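The values are calculated or read from the model by the stated rules, or taken from the named source; none is laboratory data. Please read all numbers here as calculations on a predicted model, not as lab measurements. Cβ atoms come from the backbone with ideal geometry, glycine included; neighbour counts cover every protein chain shown. All accessible areas refer to the heavy atoms of the entire protein, side chains included, with ligands and DNA or RNA removed. Shrake-Rupley method; radii C 1.70, N 1.55, O 1.52, S 1.80 Å.
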Amino acid sequence: MKTLYTVAFVLFITASLSFTSKTTVKENTLTATFKGLNNDDYFKFEDDDKKVILFYDVNEEIEISLYDDDLIGKKFSITYVEKEIEVFDEDGEETGEKKKVNSITALSYAK
(Lines give C-alpha, C1' and ligand atoms only; values in the text may rest on other atoms or scores of the structure.)
Protein backbone atom coordinates (compact mmCIF):
# COMPACT_ATOMS: atom_id res chain seq x y z
CA MET A 1 0.00 0.00 0.00
CA LYS A 2 2.89 2.33 0.78
CA THR A 3 4.29 1.69 -2.71
CA LEU A 4 0.97 2.68 -4.26
CA TYR A 5 0.97 6.02 -2.42
CA THR A 6 4.60 6.63 -3.43
CA VAL A 7 3.88 5.97 -7.10
CA ALA A 8 0.78 8.18 -7.01
CA PHE A 9 2.74 10.99 -5.34
CA VAL A 10 5.56 10.79 -7.92
CA LEU A 11 3.07 10.86 -10.80
CA PHE A 12 1.28 13.84 -9.26
CA ILE A 13 4.53 15.81 -8.89
CA THR A 14 5.63 14.92 -12.43
CA ALA A 15 2.30 16.02 -13.89
CA SER A 16 2.37 19.27 -11.90
CA LEU A 17 5.85 20.16 -13.11
CA SER A 18 5.03 19.43 -16.74
CA PHE A 19 2.24 22.02 -16.70
CA THR A 20 4.34 24.75 -15.06
CA SER A 21 7.36 24.59 -17.38
CA LYS A 22 5.70 25.68 -20.63
CA THR A 23 7.55 28.42 -22.48
CA THR A 24 5.72 30.85 -24.72
CA VAL A 25 7.57 31.70 -27.91
CA LYS A 26 6.30 34.65 -29.89
CA GLU A 27 6.53 34.17 -33.64
CA ASN A 28 6.89 37.26 -35.80
CA THR A 29 6.22 37.57 -39.51
CA LEU A 30 7.33 40.04 -42.15
CA THR A 31 7.85 40.42 -45.87
CA ALA A 32 11.31 41.56 -46.91
CA THR A 33 13.86 41.45 -49.72
CA PHE A 34 16.92 39.25 -49.32
CA LYS A 35 20.17 41.24 -49.51
CA GLY A 36 22.67 38.39 -48.97
CA LEU A 37 25.03 37.69 -46.09
CA ASN A 38 26.65 40.44 -44.04
CA ASN A 39 30.27 40.39 -42.78
CA ASP A 40 29.27 38.33 -39.71
CA ASP A 41 27.46 35.71 -41.87
CA TYR A 42 24.01 36.86 -40.76
CA PHE A 43 21.25 36.71 -43.37
CA LYS A 44 20.39 40.30 -44.28
CA PHE A 45 16.88 41.34 -45.33
CA GLU A 46 15.38 44.77 -46.01
CA ASP A 47 11.68 45.58 -45.66
CA ASP A 48 9.70 48.09 -47.76
CA ASP A 49 10.59 50.89 -45.30
CA LYS A 50 14.33 50.23 -45.92
CA LYS A 51 14.70 48.78 -42.39
CA VAL A 52 17.43 46.11 -42.25
CA ILE A 53 16.67 42.91 -40.34
CA LEU A 54 19.42 40.36 -39.63
CA PHE A 55 18.83 36.65 -39.02
CA TYR A 56 21.32 34.40 -37.26
CA ASP A 57 20.15 31.07 -38.67
CA VAL A 58 17.46 29.22 -40.62
CA ASN A 59 15.50 26.17 -39.49
CA GLU A 60 17.10 23.09 -41.04
CA GLU A 61 13.73 21.88 -42.38
CA ILE A 62 13.46 24.87 -44.74
CA GLU A 63 14.28 23.80 -48.28
CA ILE A 64 15.24 27.26 -49.58
CA SER A 65 19.01 27.81 -49.28
CA LEU A 66 19.86 31.43 -48.59
CA TYR A 67 23.46 30.68 -49.54
CA ASP A 68 22.35 30.77 -53.20
CA ASP A 69 23.39 34.14 -54.67
CA ASP A 70 20.55 33.90 -57.21
CA LEU A 71 18.10 34.66 -54.37
CA ILE A 72 19.56 38.10 -53.67
CA GLY A 73 16.92 40.68 -54.53
CA LYS A 74 14.02 38.20 -54.16
CA LYS A 75 11.15 38.99 -51.79
CA PHE A 76 10.25 36.51 -49.04
CA SER A 77 7.61 36.00 -46.40
CA ILE A 78 9.51 35.25 -43.19
CA THR A 79 8.37 33.80 -39.87
CA TYR A 80 10.93 34.09 -37.10
CA VAL A 81 11.51 33.91 -33.37
CA GLU A 82 13.96 35.65 -31.10
CA LYS A 83 16.35 33.41 -29.16
CA GLU A 84 19.44 33.71 -26.98
CA ILE A 85 22.81 32.29 -28.00
CA GLU A 86 26.14 32.01 -26.22
CA VAL A 87 28.81 34.55 -27.21
CA PHE A 88 32.28 33.19 -28.08
CA ASP A 89 35.59 35.07 -28.23
CA GLU A 90 38.04 34.95 -31.16
CA ASP A 91 39.58 31.74 -29.75
CA GLY A 92 36.22 29.95 -29.73
CA GLU A 93 35.88 30.08 -25.93
CA GLU A 94 32.56 30.97 -24.29
CA THR A 95 32.56 34.46 -22.78
CA GLY A 96 29.63 33.79 -20.44
CA GLU A 97 27.60 36.43 -22.25
CA LYS A 98 24.38 35.79 -24.14
CA LYS A 99 23.10 37.59 -27.20
CA LYS A 100 19.56 37.84 -28.58
CA VAL A 101 19.28 36.94 -32.26
CA ASN A 102 16.52 36.32 -34.79
CA SER A 103 16.05 32.78 -36.11
CA ILE A 104 13.98 32.00 -39.23
CA THR A 105 11.42 29.25 -38.60
CA ALA A 106 9.52 29.46 -41.91
CA LEU A 107 10.43 30.96 -45.26
CA SER A 108 8.52 31.20 -48.53
CA TYR A 109 8.55 33.33 -51.65
CA ALA A 110 6.33 36.41 -51.33
CA LYS A 111 3.52 36.85 -53.81
Check: Hey, which lysines would be in cross-link range of LYS26, C-alpha to C-alpha under 16 Å, not counting anything within fewer than 8 residues on its own chain?
Finding: LYS83, LYS100
Item checked: Reach of LYS51 by Cα under 20 Å, taken over aspartates and glutamates that are not fewer than 8 positions away in the same chain -> GLU27, ASP40, ASP41, GLU82
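With all protein chains present, how much of the accessible area of region 27-109 (probe radius 1.4 Å) comes from carbon and sulfur, to the nearest whole percent? Before the final figure, lay out the partial values.
Working: 2160 of 5690 Å².
Of the solvent-accessible surface of region 27-109, carbon and sulfur hold 38 percent.
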Item checked: Å² per residue, accessible surface of region 27-109 at 1.4 Å -> 69 Å²
Next item on the list: Please give the contour-minus-distance gain from LEU71 to VAL101: 0.36 nm per residue of separation, less the Cα-Cα distance, rounded to one decimal in nm.
Entry: 8.6 nm
Check: Given labels modelled 7 Å from the Cα in the Cβ direction, how far is it in nm from GLU94 to ASN39?
Finding: 2.8 nm
